[in-house]
Amino acid sequence: MTLIPKSHPRAKSLLIREKLVSGFDNGLVAKEGLLAQGRGEAFDYLLGEKTNQAAKRAIKAAAAQLLQAQKPVISVNGNVAALCPKEIIRLSKQIKAKLEVNLFYTNEKRKQAIIKTLKKNGVKEILGTNSANSTKLPGIDSARRIVDKDGIFAADVVVVPLEDGDRTMALRNAGKTVITFDLNPLSRTSQTANITIVDNVTRAIELLISESKKLTKRNEKSLEKIISDFDNKKNLTENVIQIKNNLTRRARVA
Ligand code: ATP
Ligand code: MG
């Protein structure tokens with residue numbers, strides 16, 4: 001790993017980038033995953049590289065939705081496995097969700113590398129590994145629609161961090177409630193999901209774990225209220241306004 005001095009103004013962002021690069025070197029991350037990270041970084045820059053109030057509200061709604069779910073599943077791709085394997089496992093334990101390895105760019109070798117990383121970090125059961133148990137989501141082309149019968153296919157709530165728009169749409173069409181982490185409030189995934197956390201997954205995941213812990217004692221009715229009070233379209237608009245305000249501040253002539 002390249003040595004990044006702590007004093008560097010973009011140290012955190014560079015460290016995240018390094019995780020992706022070593023994930024790529026270790027066969028977890030696809031080339032396209034590196035590009036997706038770049039797209040995310042640009043939005044992170046515009047958002048001010050911190051968790052804003054709108055993201056905090058989305059995190060609370062996501063926690064309530066996950067605690068209320070009967071069969072929650074977290075979808076893991078190469079970028080997530082490279083960026084936050086420990087945290088994604090902790091989240092799955094906290095909300096009693098299954099983990100499924102589900103790749104946009106299907107590749108058996110990469111899938112095995114991701115499974116190895118998750119196992120190294122303490123996971124016992126990972127779905128999406130047994131082809132005899134796979135089935136297809138309708139509405140998208142062949143390679144990208146494979147899901148596990150006992151995982152995403154059977155789930156009521158699915159967490160799909162850093163997901164593609166077509167697949168998010170297919171999950172919605174299949175009747176799933178979709179939660180995503182996506183730094184771009186304009187992406188099709190952001191616009192299609194039920195709850196979009198517009199924040200870097202590396203920051204927001206810890207907050208989702210702690211919020212889920214905090215809300216475990218709440219009753220069904222109180223969780224329902226948190227969910228129904230949340231409006232994803234409004235939340236996305238708030239994120240766009242945040243970007244606009246940040247840019248306006250920077251565009252002021254001294
Ligand atoms: P869509 O298909 O939803 O319109 P897209 O084609 O622009 O999106 P994809 O590569 O399909 O982009 O999806 C990856 C998404 O993940 C992008 O919107 C990107 O901004 C976001 N992203 C990348 N890295 C991170 C990260 N570390 N945290 C949160 N979001 C991220
Ligand atoms: Mg896409």
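What do you reckon, is A58 within 13 Å of ligand 1 (Cβ to nearest atom), in contact with a strand residue (DSSP E or B) (Cβ under 9 Å, 6 or more places away or on another chain) and in a helix (DSSP H, G or I)?
yes
Pick out the one residue from S212, S222 that is assigned to a helix (DSSP H, G or I), in contact with a helix residue (DSSP H, G or I) (Cβ under 6 Å, 6 or more places away or on another chain) and not hydrophobic (A, V, I, L, M, F, W, C).
Just one listed residue meets the conditions, S212.
Filter region 88-103 down to the residues that are open to solvent by less than 50 Å² (accessible area, probe 1.4 Å) and touching a Leu at 6+ places or on another chain (Cβ under 9 Å) and list them by number.
Those that are open to solvent by less than 50 Å² (accessible area, probe 1.4 Å) and touching a Leu at 6+ places or on another chain (Cβ under 9 Å): I88, I89, L91, S92, Q94, I95, A97, L99, E100, V101, N102.
Tell me, please, whether a residue that is within 15 Å of ligand 2 (Cβ to nearest atom), crowded, with 16+ Cβ neighbours inside 10 Å and within 20 Å of the chain's Cα centre (by Cα) can be found in region 233-249.
no
Pull up region 201-222, narrow it to residues that are open to solvent by less than 10 Å² (accessible area, probe 1.4 Å) and within 14 Å of ligand 1 (Cβ to nearest atom), then point me to the one that is nearest to G78 (Cα to Cα).
V201
Please find, among G122, G175, the residue that is assigned to a loop (DSSP other than H, G, I, E, B) and touching a residue at least 24 places away in the same chain (Cβ under 8 Å).
G122
Search region 162-192 for residues being more than 13 Å from the chain's Cα centre (by Cα) and open to solvent by 50 Å² or more (accessible area, probe 1.4 Å), and hand back the single one that is modelled with the lowest pLDDT.
Result: D166.
Just checking, does region 151-161 include any residue being within 16 Å of ligand 1 (Cβ to nearest atom), small (G, A, S) and either closer than 26 Å to K86 by Cβ or open to solvent by 30 Å² or more (accessible area, probe 1.4 Å) (or both)?
no
For region 30-47, which residues satisfy the criterion of being under 16 Å from the mean Cα position of the chain (by Cα) and closer than 14 Å to N239 by Cβ?
Listed by number, the residues that qualify are G40, F43, D44.
Test K31 against the stated conditions and say whether it is without any contact (Cβ under 8 Å) to a residue 40 or more places away in the chain, out of contact with any helix residue (DSSP H, G or I) (no Cβ under 9 Å at 6 or more places or on another chain), under 23 Å from T129 (Cα atoms) and surrounded by fewer than 19 Cβ atoms within 10 Å (Cβ to Cβ).
No, not satisfied.
The values are calculated or read from the model by the stated rules, or taken from the named source; none is laboratory data. Nothing here was measured: the structure is a model prediction, and the numbers come from that model. Glycine gets a Cβ as well: all are built from the backbone with ideal geometry, and neighbour counts include every protein chain shown. Ligands, DNA and RNA are stripped out before the accessible areas are found, and what is left, the full protein with its side chains, is counted by its heavy atoms. Shrake-Rupley method; radii C 1.70, N 1.55, O 1.52, S 1.80 Å.
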